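The values are calculated or read from the model by the stated rules, or taken from the named source; none is laboratory data. Keep in mind the model is a prediction, meaning the values are calculated, not measured. No Cβ is skipped: glycine too gets one built from the backbone with ideal geometry, and neighbour counts run over all protein chains shown. Side chains are part of the model used for accessible areas, which takes the heavy atoms of the whole protein and leaves out ligands, DNA and RNA. Shrake-Rupley method; radii C 1.70, N 1.55, O 1.52, S 1.80 Å.
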Amino acid sequence: MTETHGPVVSIGNLHKRFGDNHVLRGIDLDVSRGEVVCIIGPSGSGKSTLLRCVNMLETPSEGSVRVLGHDMTDPDCDLDAARARIGMVFQQFNLFPHMSVLDNICVSQRKVLRRSAEDSAARARALLARVGLSEKEAAYPAQLSGGQQQRVAIARALAMDPSVMLFDEATSALDPELVGEVLAVMRSLADEGMTMLVVTHEMGFASNVASRVVFMDGGVIVEQGPPSRVIGNPREERTRQFLSRVQQH
Amino acid sequence: MALSRRQRARALRYCVYGVTIGVAVLVAIVVDWGRLGGALFRWELIVEQFPGIITTAARNTLIFTVFGFAGGLTLGLAFALMRLSTVRPYRWFASVYIEIFRGIPLLVTLLLLGFGIPIATGWQWPNTFMKGVVPLSLVAGAYMAETIRAGIEAVPRGQMEAARSLGMSYPRAMATIIIPQALRIIVPPLTNELVLLLKDTSLISVLGVTAGSEDLARFGKDAVNKAANATPLVAAGLVYLVMTIPLTQLVAWMERRAKAQTR
């Protein structure tokens, strides 16, 4: 796949309908290389749907999605090849329960990238060391805490050497005391220059790590900009209301 | 007079014991044991069934079962995947197939395919084995398709999403992520279907059978005709039990183990 200049992710006039439910109502969003874009907003605002349209887990009803120069909505686009370059981390981790931690990280390297068993295992071990779980490589997902599972899921996505990482409420299913370890891994990724699109309720993370914050409500982008502006000094009334509700507790 | 809960439970228990003992005594008095033993349990007739009942009859029943199960599993997997396909004609075809072969009794399917096809087309089945195994597989496939589909649907949707988001194609994700997990779920019900299939092979005995290809039921029936005594069928029944009880116990063990794991 050729690396192109210009935005890594480019979304234009994106609409998504589920039957009569018009979830996304014309989204335009570009993400440049190395940018960390945090998408915030009330539940039901379409944040997750937007993220899932980027790697076509949801098929857009209308509009364009380009990732690394590939038109994802083109029926001739090789979606499998494109998805291999887009890492995704889910709220519910979605580790493969019938495989050890090491195999979870190796399976797609082997089957999709056709890496050898030795190379996949070496890469997996390096990533496990990076997320601080070297001693867990033989464990099964059910034996791990939620935070550990999510860190394995991040390692699994990173093993594909993605050009962009999507985080879909990666800490929302975690016990409060486990959120920090996952956010720390995400922050270190951002520090290394990974391009990231992050749907989150963690306002602290958005304030400190994001290069840009996007506030969504009712299927549209209400406002966006640097976190100091959107979170620190929002222009829109809807943004202010949302932030005051989130920050009350 | 009001009874306490414990008193009522005890009274009920004594009632059940009393009725059971009463029925047993009645049976023991009424039944003509000599005649029953003579018709069903003639030891020398049981001995006479060996070794044919094992080397021919049980062996053929097992062959019908194994090939019927293998054929059914292959068809079942194919139809389950078609039922889950996004291509509508596949779904329709699979649904129609499943409804037809689950709705018609196996006996009728056996007769239709075994006798009907040769009459209608002039084509002859090459041997009894094919004549029995093909309809058996077709019907088993319809039942297993539903079991396998239920197992695949029981795997959380996020598993497929995770696999696809890692760049796996749909068939690749099915083969490496979804079906291995589905198999764990469906092994107990599939083993139950194996037991049903093993017993259903007895229906093949209605087809014309050449010497040496008799299954257990046919073997027993032929021996009954020859001896003018029902003992050989009792022997056949016992051989069925020897094969089915270990399987049902295996299912019970697997279900206990699965329950313990989910706790």
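A viscosity of 1.002 mPa s and a temperature of 20 °C, combined with the Kirkwood radius over C-alpha pairs in the Stokes-Einstein formula, give the protein assembly as shown a diffusion coefficient of 76 µm²/s. For the stretch B:126-263, with all protein chains present and a 1.4 Å probe, just round the carbon and sulfur fraction of the accessible area to a whole percent. That share works out to 63 percent. Per the accessible-area calculation with a 1.4 Å probe, the total area buried between chain B and chain A rounds to 1700 Å².
Comparing Cα centroids, the stretch A:91-127 and the stretch A:128-148 end up 13 angstrom apart. A helix-only calculation puts chain A at -11000 deg cm²/dmol for mean residue ellipticity at 222 nm, using -39500 (n - 2.57) for each DSSP H run of at least four residues, averaged over all residues.
First check a/c for the stretch A:33-113, with a ≥ b ≥ c the square roots of the eigenvalues of its C-alpha gyration tensor; if it is under 1.5, answer rounded, and if not, answer prolate when a/b is larger than b/c or oblate otherwise. Because a/c hits 1.5 or more and a/b fails to exceed b/c, the stretch A:33-113 counts as oblate. Short-range pairs are left out: with C-alpha atoms under 8 Å and at least six residues apart, the relative contact order of chain A is 26 percent. With viscosity 1.567 mPa s and temperature 4 °C, the Kirkwood radius over alpha carbon pairs of the stretch A:55-102 converts through Stokes-Einstein to a diffusion coefficient of 102 µm²/s.
Only Cα pairs under 8 Å and 6+ residues apart enter the sum, and on that basis the relative contact order of chain B stands at 26 percent. Return the long-range amide H neighbours of A:Thr195 (sequence gap of 5 or more, or a different chain), with a cut-off of under 5 Å between placed amide H atoms. Amide H neighbours of A:Thr195, under 5 Å, 5+ apart: A:Gly34, A:Met165. With N the number of residues in the stretch A:127-244, Rg(Cα) / (2.2 N^0.38 Å) evaluates to 1.18. Residue by residue, the stretch A:146-151 carries 3J(HN,Hα) couplings of x, x, 5, 4, 5, 5 Hz when phi is fed to the Karplus relation 6.51 cos²θ - 1.76 cosθ + 1.60 (θ = phi - 60°); x denotes Gly or Pro. The residues of the stretch A:60-92 listed by number as losing at least 50 Å² of accessible area in the complex, against the isolated chain and with a 1.4 Å probe, are A:Asp80, A:Arg83. Specify the residue with the greatest mean-square fluctuation among B:Ala24, B:Ala223, B:Ala252, computed from a Gaussian network of chain B linking alpha-carbon atoms under 10 Å apart. Among B:Ala24, B:Ala223, B:Ala252, the largest GNM mean-square fluctuation belongs to B:Ala24.
Within the listed set B:Gly208, B:Gly132, B:Gly122, the residue fluctuating most in the Gaussian network model of chain B (springs between alpha-carbon atoms under 10 angstrom) is B:Gly122.
If you wrap the stretch B:21-117 in the convex hull of its Cα atoms and look at it from every side, the mean projected area works out to 12.1 nm². For the stretch A:160-175, 3J(HN,Hα) computed residue by residue from phi via the Karplus equation (6.51, -1.76, 1.60; θ = phi - 60°) reads 7, 6, x, 8, 8, 10, 10, 10, 9, 6, 5, 10, 6, 8, 9, 4 Hz, glycine and proline entered as x. Membrane-span-like helices in chain B, defined purely by DSSP H runs whose alpha carbon atoms cover 18 Å or more axially and whose average Kyte-Doolittle hydropathy reaches 0.0, are B:5-30, B:59-83, B:128-154, B:179-200, B:231-262.
Distances between placed amide hydrogens fall under 5 Å for A:Val222 paired with A:Phe215, A:Met216, A:Asp217, all partners being 5 or more residues away or on another chain. Rounded, prolate or oblate: pick one for the stretch B:158-263, where a ≥ b ≥ c are the square roots of the eigenvalues of its C-alpha gyration tensor, a/c under 1.5 means rounded, and failing that, prolate if a/b is larger than b/c, else oblate. It comes out oblate by the Cα gyration axes. I'd like the chymotrypsin sites (Phe, Trp or Tyr not before Pro) in the stretch B:1-42 restricted to DSSP loop residues with at most 16 other Cβ atoms within 10 Å, sorted by number. Qualifying residues, ordered by number: B:Phe41. Kirkwood hydrodynamic radius computed over chain B comes to 22.2 Å, based on all pairs of distinct alpha carbons.
Accessible surface ranking for A:Leu51, B:Leu40, 1.4 angstrom probe, highest first: B:Leu40, A:Leu51.
The 3J(HN,Hα) values that the Karplus relation (6.51, -1.76, 1.60; θ = phi - 60°) gives for the stretch B:171-176 are, in residue order, x, 4, 5, 4, 6, 9 Hz. Gly and Pro appear as x. Solvent-accessible surface of the protein assembly as shown, taken per residue with a 1.4 Å probe and all protein chains present: 50 Å².
The longest stretch of chain A left intact once loop-based GluC sites (Glu not before Pro) with at most 13 other Cβ atoms within 10 Å are removed from consideration, loops following DSSP, is A:4-191.
Residues considered: B:Gly22, B:Gly141, B:Gly37. Largest GNM mean-square fluctuation over chain B, using C-alpha springs under 10 Å, is found at B:Gly22.
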